[in-house]
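**Q** Below is the structure I would like to discuss, written out as structure tokens.
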Amino acid sequence: MDPETRTLLETTIAKNPVVLFMKGTRQAPQCGFSARVVQILDSYGTPYETVNVLADPRVRDGIKEYSSWPTIPQLYIKSEFIGGCDIVTELFANGELAEKLGAEAPPPPKVTVTPAAEAALAAAIEDDGDFVRLEIGPSWEFGLTLGPKQPGDLEIACGKLSLLVDRMSATKANGTIIDCVETKDGQAFKIENPNEPPRVKAMTPTELKSRLDKAEKLLLIDVRTPHEIQTASIPTAHPLDEHLFTELEKIEKSAPLVFMCHSGARSARAAQQFLADGYTNVYNLVGGIDAWSREVDPSVPRY
């Protein structure tokens, strides 16, 4: 490592009580491991600085040599190298990270369990040592399981039920509502989380037909080629062209957008891109126009 880079790293670490070398920025992490450490640090409310190693190859390579640690992110507290994502996550779970930061542990999240869900969950508990555990994964997948209490778990009183969440899940769980609803296949748990980031939602052809029949305000966007659109189309669909891009700039980011293609793959990619651009109410037509022809309107040619 050249002396200039070493001085830069030493100065950055010395002047910032807490500094995270990461991929991307605090507002826009560029890898899942960096995002996880940011989430953990944010849960304490303790001030910290970040350094985007992707912005300078000297820093990216130099910090690995400086710490003798091969991966990014890397966390320093009071000039002490703490470790990468796995170590930070472990220290967070057992409470040691709060001590190193000189911060109070984040309070347990507020979780609401409806009476119907409470009754269903209580009926599922067979062993006295078992608890209901709520888990929220890195991609915001939800899980309800039964098991004993683990070190670092937070216990939340929900009526007569005790709910467990690990500390990582707790950072995402505040405001979550757990309900039990009737479906055609029986009872099922429904989990709503206000913290979950927007994601592309699925819309079936029959649901689209129903919403179009009700004259709901939604924009149906066809991402296929002009030749495909000429071969088979839905009359209310708009081709994704320059004119539509101009119109999209004028509408609210919360406006419902439904993307379609031949089978659903291309439209899913387009929908994901619009979601990344800040649109929050984005759908993908499941099965595309081929499914529309099979399930809704057989007069539409299949190809």
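**Q** Return the total of residues in the range 103-119 being crowded, with 18+ Cβ neighbours inside 10 Å and farther than 15 Å from ASP153 by Cα.
**A** Step one: of the range 103-119, the residues crowded, with 18+ Cβ neighbours inside 10 Å are 106, 109, 111, 113, 117-118.
From what is left, the residues that are farther than 15 Å from ASP153 by Cα are 113, 117-118.
Final tally of qualifying residues: 3.
**Q** Mind listing whichever residues of the range 75-123 are part of a helix (DSSP H, G or I) and free of Cβ contacts under 8 Å to residues at least 24 places away in the same chain?
**A** Correct list: ASP86, ILE87, GLU90, LEU91, GLU96, GLU99, LYS100, ALA123.
**Q** Yes or no: VAL132 open to solvent by less than 20 Å² (accessible area, probe 1.4 Å), modelled with pLDDT of 90 or more and touching a helix residue (DSSP H, G or I) at 6+ places or on another chain (Cβ under 8 Å)?
**A** Yes.
**Q** Pairs under 9 Å by beta carbon, first residue closer than 14 Å to LEU75 by Cα and free of Cβ contacts under 8 Å to residues at least 24 places away in the same chain in the range 48-61, partner open to solvent by 50 Å² or more (accessible area, probe 1.4 Å) and not aliphatic (A, V, I, L, M), six or more apart or different chains?
**A** From the range 48-61, the pairs are ARG60/LYS23.
**Q** Among (1) under 20 Å from GLU295 (Cα atoms); (2) free of Cβ contacts under 8 Å to residues at least 40 places away in the same chain, which single condition is PRO226 missing?
**A** Failing condition for PRO226: (1).
**Q** Hey, another quick one. Picking from TYR283, TYR279, which residue would you name as being in a loop (DSSP other than H, G, I, E, B) and open to solvent by less than 50 Å² (accessible area, probe 1.4 Å)?
**A** TYR279
**Q** Out of the residues in the range 16-64 that are in a helix (DSSP H, G or I) and among the hydroxyl-bearing types (Ser, Thr, Tyr), state the one that is least open to solvent (accessible area, probe 1.4 Å).
**A** Result: SER34.
**Q** If you don't mind, there's one more thing I want to ask. Cβ-Cβ distance below 6 Å, separation of 6 or more or different chains: which pairs start in the range 253-282 with a residue that is more than 11 Å from LYS201 (Cβ to Cβ) and end on one that is exposed (fewer than 15 other Cβ atoms within 10 Å of the Cβ) and not charged (D, E, K, R)?
**A** LYS253/GLY278
**Q** In the range 120-129, which residue that is closer than 14 Å to LYS149 by Cβ and at pLDDT below 90 is least open to solvent (accessible area, probe 1.4 Å)?
**A** Here the residue is GLY129.
The values are calculated or read from the model by the stated rules, or taken from the named source; none is laboratory data. Note that the structure is predicted; figures quoted are calculated from it, not measured. Cβ coordinates were reconstructed from backbone atoms using ideal geometry, including for glycine residues, and neighbour counts include every protein chain displayed. When the accessible area is computed, the model is the full protein with side chains, heavy atoms only, and any ligands, DNA or RNA have been set aside. Shrake-Rupley method; radii C 1.70, N 1.55, O 1.52, S 1.80 Å.
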